[in-house]
Amino acid sequence: MTKDIHEALQILIRAERARSCAVDRKPVITVSHDYGSGGRELARKLAKALDVPFYDQALLNAIAQSSGIDSDLLAQLDEQAKLHWTQWLIGFKSLHRQEQVQFYQHLVNLCLNILQSGGVIVGRGAHIILANHPVFRLRVVGSLEHCATRIANREQIDFAAARIKAEKANQDKRQFVWDYFRRELDDPRAFDLVLNSDRLDIERQFPLLVEVVRAFDARYR
């Protein structure tokens, strides 16, 4: 994981250094999803199709916690992000414990720097952090029954256990967004597109989704 962290940080720093002479800005997409809806897999496919880095929750958390990371790299990210800080981030510092502030300052700075390199960001409230920037915000949802069925099939566990796992994961996601942003995760107004994986064959509609993202991104070039 440490190797992945360093590689991700170096991508961001190189992108910032090249920003002044960059010709082609790459898209940034945030993907929020119900556990078991297929959103994470969709996010990875989007990153590959759009030729941008993929940042999942594990990588974001590892960077934000800064365990085993070169402090100079984090300092560069912090400095690069200062110009983009919004008033709500300053207010955030007055409402949370110091360890929460440090974690989320790194996380916010990471998301802001991804604006320069392009990328697909999964979860961690990125759709809120980057709401005032030209970022495509996608949410993938599904009913508890359908999500539990996918989890049971994928992980080879019984349906009851899968249902409990989905409920717990989704509650944790909602609690995280509320604790840090005082926002409801399920508010559709916070997203540019919400996909219901119960009713849509996302695999078949994937090429159309890629075109929607590209059309959105073209508006800001």
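The values are calculated or read from the model by the stated rules, or taken from the named source; none is laboratory data. Quantities reported herein were computed from a predicted structural model and do not represent experimental measurements. Note that we place each Cβ from the backbone using ideal geometry, even for glycine, and neighbour counts take in every protein chain shown.
Every condition in (1) surrounded by fewer than 24 Cβ atoms within 10 Å (Cβ to Cβ); (2) at pLDDT 90 or above holds for Ile121 except the one numbered (1). Would you say Ser143 is in contact with a helix residue (DSSP H, G or I) (Cβ under 6 Å, 6 or more places away or on another chain) and hydroxyl-bearing (Ser, Thr, Tyr)? No; evaluated as a whole, the condition is false for this residue.
Filtering region 126-177 to residues that are in a helix (DSSP H, G or I) and of a type in the set (Ser, Thr, Tyr) leaves only Thr149. With respect to Asn132, determine if the residue is within 28 Å of Asn109 (Cα to Cα) and out of contact with any Lys or Arg (no Cβ under 6 Å at 6 or more places or on another chain). Judged against the criteria, Asn132 is a match. Checking each residue in region 187-214 for being under 19 Å from Ile121 (Cβ atoms) and modelled with pLDDT under 90 picks out only Ile202. Select from region 165-178 the residues that are more than 14 Å from Ile129 (Cβ to Cβ) and not basic (Lys, Arg) and list them in ascending order. Of everything in region 165-178, those that are more than 14 Å from Ile129 (Cβ to Cβ) and not basic (Lys, Arg) turn out to be Ala166, Glu167, Ala169, Asn170, Gln171, Asp172, Gln175, Trp178.
Considering region 129-169, and only residues there that are modelled with pLDDT under 90 and farther than 22 Å from Ala49 by Cβ, the residue that is surrounded by the most Cβ atoms within 10 Å (Cβ to Cβ) turns out to be Ile129.
Residue-level analysis places Arg189 among those that are under 21 Å from Ala215 (Cα atoms) and not acidic (Asp, Glu). Restricting attention to region 153-177, the residues that are acidic (Asp, Glu), in contact with a helix residue (DSSP H, G or I) (Cβ under 8 Å, 6 or more places away or on another chain) and within 17 Å of Ser37 (Cβ to Cβ) total 2. For region 188-221, the set of residues classified as free of Cβ contacts under 8 Å to residues at least 12 places away in the same chain, in a loop (DSSP other than H, G, I, E, B) and surrounded by 12 or more Cβ atoms within 10 Å (Cβ to Cβ) consists of Leu200 only.
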